[in-house]
Amino acid sequence: MAGMDHNDVLFSRARAVIPGGVNSPVRAFRAVGGTPRFVQRAQGPHFWDADGRRYIDYIGSWGPMILGHGHPAVLEAVQKAALDGFSFGAPTEREIELAEAIIALVPSLEMVRLVSSGTEAGMSAIRLARGATGRKTIVKFEGCYHGHADALLVKAGSGLATFGNPTSAGVPPEVVQHTMVLEYNNLAQIEAAFAEHGADIACVIIEPIAGNMNFVRASVPFMARCRELCSRHGALLVFDEVMTGFRVALGGAQSVYAGLIPGFEPDMTVMGKVIGGGMPLAAFGGKRAVMEQLAPLGPVYQAGTLSGNPVATACGLATLAEIRKPGFFDALSAKTRALVNGLTAEAESAGVPFAADCEGGMFGFFLLPGLPQNYAAVMKSDGARFNTLFHGLLDRGVYIAPALYEAGFVSAAHTDEDIAATLAAAREVFAAL
Ligand code: HOZ
């Protein structure tokens, strides 16, 4: 294969044995074109590809690597745990410690159950909401992605938006007949849904800051109304904080909304990414009365061989211990804000329509004159221009998500030099857009 670089060689091998050459669709670069970078190793805010090229990493495993790669305290905890055994299929003290740590950081939680992926957590939360309320209907919002459980794969964001196929094949209409999809931030639609179907709605599941249609915040009036309607009609408000949990603030997006809406809290929360620190670990939790409906206490079944895995829980605990340190989120937020402000200024001086937002260590930007409020507005983003921007940055050693509809992530390991190098690369690319 003369003339091919190592990434091309690996991609070609991968495509022969793995559909699309990847184990998760967005990684394939299909939306932006070109060859995915095969990661050889990573350290701090950087990773190196199969050709030994270094990139500043603004994906961080799509969110979990809030400390950057290879944080020494996390590495030590993982190595120590691995020596004691990889998996037992029996309870460990570390699971209790992680559950206690999560509950201590998120006041709306009284109990949590640990699982292995965000998809599993979302799917289990929906089953529990239905079981606890005895109702069938679930409400989700267009452009929100809650993992790939059948009932939730309707008008979803993330890879489904990227590939223009927001509802997956293989999901029979009967399976999604009780999934009601409404427009994000649309007060009239949520009012109407409850007015008509309030007694049938088990839950409203929402990404409070939607990171699977890039970065779109639920407005404060919209969130307050979702809360009121759920309470009034006996439905559960489920926050999908797989992306935002322990990422936009120590207490997650719910702590941000609690600061804006007095007394605000969701009934249930779905978590993942940061709580595993890069290991397969996720969780869902809520009030005791609801969580006690789960087997073995209650009639709602849910289980998993690798749930509460001892190495993953060690990684999660060590990660949470770092992000709890005083000043962690102030520093992370300042860094992310510097990146977003810098990109905005560079785009403005190049005359490129650009709007960006961030919270804690999560950010997003659109090649649009203003921030969109819903999926339809997000879909007006300029895909061709984004692809030019993506490849321009990639060629200059800056790795952002290879898709228009994904949020970005800054870690505590990103330095001022990394941000400055990113802005210098962006300046050159914006000038040519
Ligand atoms: N679901 C992720 C994007 N929102 C992609 C995960 C991955 O490819 O690793």
How many residues are β-branched (V, I, T) and out of contact with any helix residue (DSSP H, G or I) (no Cβ under 9 Å at 6 or more places or on another chain) when one looks only at segment 56-101? 2
Only strands (runs of 3 or more DSSP E) wholly contained in segment 29-115 count here; list those with 3 or more residues that are closer than 30 Å to P262 by Cα. 111-115
Within segment 12-25, the residues that are surrounded by fewer than 13 Cβ atoms within 10 Å (Cβ to Cβ) and within 12 Å of the ligand (Cβ to nearest atom) are N23, S24
Which residue is farthest from the ligand (Cβ to nearest atom), if the candidates are limited to segment 31-41 and must be of a type in the set (A, V, I, L, M, F, W, C) and farther than 18 Å from R53 by Cα? V32
Suppose the filter is over 21 Å from G278 (Cα atoms), open to solvent by less than 50 Å² (accessible area, probe 1.4 Å), in a strand (DSSP E or B) and among the aliphatic types (A, V, I, L, M); does A347 pass it? no
With the condition kept exactly as written, say whether any residue in segment 139-148 is over 22 Å from Q373 (Cβ atoms) and either assigned to a helix (DSSP H, G or I) or not polar (S, T, N, Q) (or both). yes
Do we find that L371 is more than 23 Å from I66 (Cβ to Cβ), of a type outside the set (S, T, N, Q), open to solvent by 10 Å² or more (accessible area, probe 1.4 Å) and touching a Ser or Thr at 6+ places or on another chain (Cβ under 9 Å) in this structure? no
Report, by residue number, each residue of segment 121-156 that is more than 16 Å from the ligand (Cβ to nearest atom), farther than 18 Å from E174 by Cβ and open to solvent by 10 Å² or more (accessible area, probe 1.4 Å). G131, A132, T133, G134
Taking the conditions exactly as written (open to solvent by less than 90 Å² (accessible area, probe 1.4 Å), small (G, A, S) and more than 16 Å from the ligand (Cβ to nearest atom)), does A28 satisfy them or not? no
Quick check on my filter: what residues within segment 301-326 are of a type in the set (A, V, I, L, M, F, W, C) and assigned to a loop (DSSP other than H, G, I, E, B)? A303, L306
Filter result (away from the ligand (no atom under 16 Å from the Cβ) and either at positive phi or touching a residue at least 60 places away in the same chain (Cβ under 8 Å) (or both)) within segment 259-274: G263, E265, P266, D267, M268, T269
The residue that is farthest from the ligand (Cβ to nearest atom), considering only those in segment 395-427 that are touching a helix residue (DSSP H, G or I) at 6+ places or on another chain (Cβ under 7 Å) and in a helix (DSSP H, G or I), is R427
On the given criteria, is G370 assigned to a loop (DSSP other than H, G, I, E, B), on the phi > 0 side of the Ramachandran plot and not aliphatic (A, V, I, L, M)? no
Pick out the one residue from V398, V410, V340 that is closer than 30 Å to T319 by Cα, open to solvent by less than 30 Å² (accessible area, probe 1.4 Å) and without any contact (Cβ under 8 Å) to a residue 60 or more places away in the chain. V340
Is there a residue being closer than 30 Å to G44 by Cα, among the polar types (S, T, N, Q) and open to solvent by 10 Å² or more (accessible area, probe 1.4 Å) anywhere in segment 301-309? yes
Matching residues, segment 279-300, being closer than 21 Å to A104 by Cα and part of a loop (DSSP other than H, G, I, E, B): L281, K287, E292
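The values are calculated or read from the model by the stated rules, or taken from the named source; none is laboratory data. Only a predicted model underlies this, so the values are computations on that prediction, with no experimental measurement involved. Quick reminder, even Gly has a Cβ in these numbers, built from the backbone with ideal geometry, and neighbours come from all protein chains shown. For accessibility, only protein heavy atoms count, side chains too; no ligands or nucleic acids. Shrake-Rupley method; radii C 1.70, N 1.55, O 1.52, S 1.80 Å.
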